[in-house]
Amino acid sequence: MNRTAFVSALAALSGLATPAFAQEAPRWSFAIHGGAGVIERASLTPDQDAAYRVALTRALEAGAAVLRNGGGALDAVQAAIEVMEDDPLFNAGRGAVFTAAGRNELDAAVMDGTDLTAGAVAGLTRTRHPIAAARAVMERSPHVMLIGEGADAFAASVGLEQVDLSWFFTERRWQGLERTLRERGDPIPERPQGAPAPGAMAGLPAPPLNERKFGTVGAVALDAEGRLAAGTSTGGTTGKRWGRVGDVPVIGAGTYASNRDGCAVSATGDGEYYIRASVARDICARIAAGATAQDAGQAEVDDAKSLGGFGGVIVMDRDGRPAFAMTTSGMYRGAVSSNADAEVAIYADEAR
Ligand code: ASP
C-alpha cells in the first residue's frame with residue numbers, strides 16, 4: 001500500500017481528517033483580502049485588474065517570506081497588512097476613504113490565537129501603519145482598544161511612525177467622497193491641507209467605475225509552530241460621520257483568532273451588520289462545533305446578509321486550510337502555503 005492509500009485508510013478508520021488533506025497539510029499557510037464589494041469584470045479595466053493582482057501578490061509574498069523563514073503568524077499578518085496600508089489601491093492607511101469632514105480616520109485590529117490577546121485602534125489620523133498600532137496596544141499596553149488622538153499619541157509614544165494628514169490623501173478617494181456627498185446633498189469640505197492639487201496624482205490607477213465603499217484589508221496566518229493570528233485594517237466607509245467605527249476594530253466582529261477553536265478570521269463588508277452578527281467570533285464557534293472553515297464562513301456571511309449586510313471573510317483553520325466566503329460579486333483575495341504557490345483572485349466565480 002502506498003503512503004496516500006495508507007493515510008486514506010487510516011483516516012477512514014479513525015473518521016478524522018480528510019484523507020487527501022491528511023497527507024498534504026502545510027507547515028504554514030497564509031491568506032489575505034483587500035476588500036469585498038461590487039467588483040465585476042465590467043467594472044475593472046484590464047490594467048486595473050492587473051494592478052490589483054500585482055498588489056495582492058506583493059502583500060502575499062510579504063507574509064509568506066516571514067512564515068517561510070520560520071517567523072510567527074502575527075509577524076506575517078502585520079507584514080502583509082503594512083504593504084497594503086502603504087498601497088493606495090486599498091482602503092487602509094494610504095488610500096483610505098474620507099469622512100464627511102474630509103479626513104481619514106483609520107481603524108485596525110489584530111488577534112493572537114494562542115492566548116486570545118488582542119489589540120485594536122479606531123479613528124487614527126496620524127499613524128502610518130494602524131495595524132502596527134493595534135499590535136502595540138496588544139503587546140505594550142494593558143488595554144485592548146484605543147481611539148482617536150489618544151491612540152495616535154500612544155502609537156507615537158512607542159515609536160511608531162507619524163505622518164502628515166496628507167500622507168493618506170489620494171485623488172481617487174477624494175473624488176469618491178465628493179460623489180457620495182453630492183448624492184446625499186451634503187456640503188463638500190475643503191481639500192485637506194497639504195493635499196496635492198487636483199490632477200497632480202494622475203499617474204495612479206483610476207478608480208474602478210462602480211467602486212463602492214469596500215476595500216478594507218486583512219490577513220490570517222498559521223505558522224510552523226501551529227500559531228493562528230488574524231488582522232484587519234480599514235479607512236471605514238466613505239462619508240462616515242460622528243466618529244463612526246465599523247466592525248474592523250471590534251474583536252469578534254471583523255477580526256478574531258483562536259487556537260482553542262482552531263480558526264483565524266478577517267472580515268470586510270457592511271460593518272454595522274458584521275458587528276450585529278458577530279461574524280468573526282461566530283465563525284470560530286461554528287468551526288469549534290465541527291463545521292469546515294468554508295461552511296462556517298459562508299453560513300456566517302449569509303447570516304449577516306439576512307440582516308441586510310453584504311461582504312466577505314477569509315478564514316484559516318488549524319490545519320492551514322484557507323477559506324473564502326462572500327455575498328458580494330467580488331473580493332480581492334489570495335492564499336499561499338508551504339506546499340502551494342501564491343494564488344490571487346478578484347471575482348466571486350474564480351476558483352480561489
Ligand atoms: N468593514 C469596513 C467597515 O465597516 C468596511 C469594509 O470592509 O470595506 O468599516
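Of all residues in region 213-234, those satisfying the criterion of being within 8 Å of the ligand (Cβ to nearest atom) and in a loop (DSSP other than H, G, I, E, B) are LYS213, PHE214, GLY215, THR216. Being within 16 Å of the ligand (Cβ to nearest atom) and modelled with pLDDT of 95 or more is the requirement here; does ILE287 meet it? Against the criterion (within 16 Å of the ligand (Cβ to nearest atom) and modelled with pLDDT of 95 or more), ILE287 does not qualify. The set of residues in region 241-272 that are within 9 Å of the ligand (Cβ to nearest atom) and of a type in the set (Ser, Thr, Tyr) contains only THR268.
The values are calculated or read from the model by the stated rules, or taken from the named source; none is laboratory data. Worth saying up front: this structure is predicted, and the values here are computed from it rather than measured. Glycine gets a Cβ as well: all are built from the backbone with ideal geometry, and neighbour counts include every protein chain shown.
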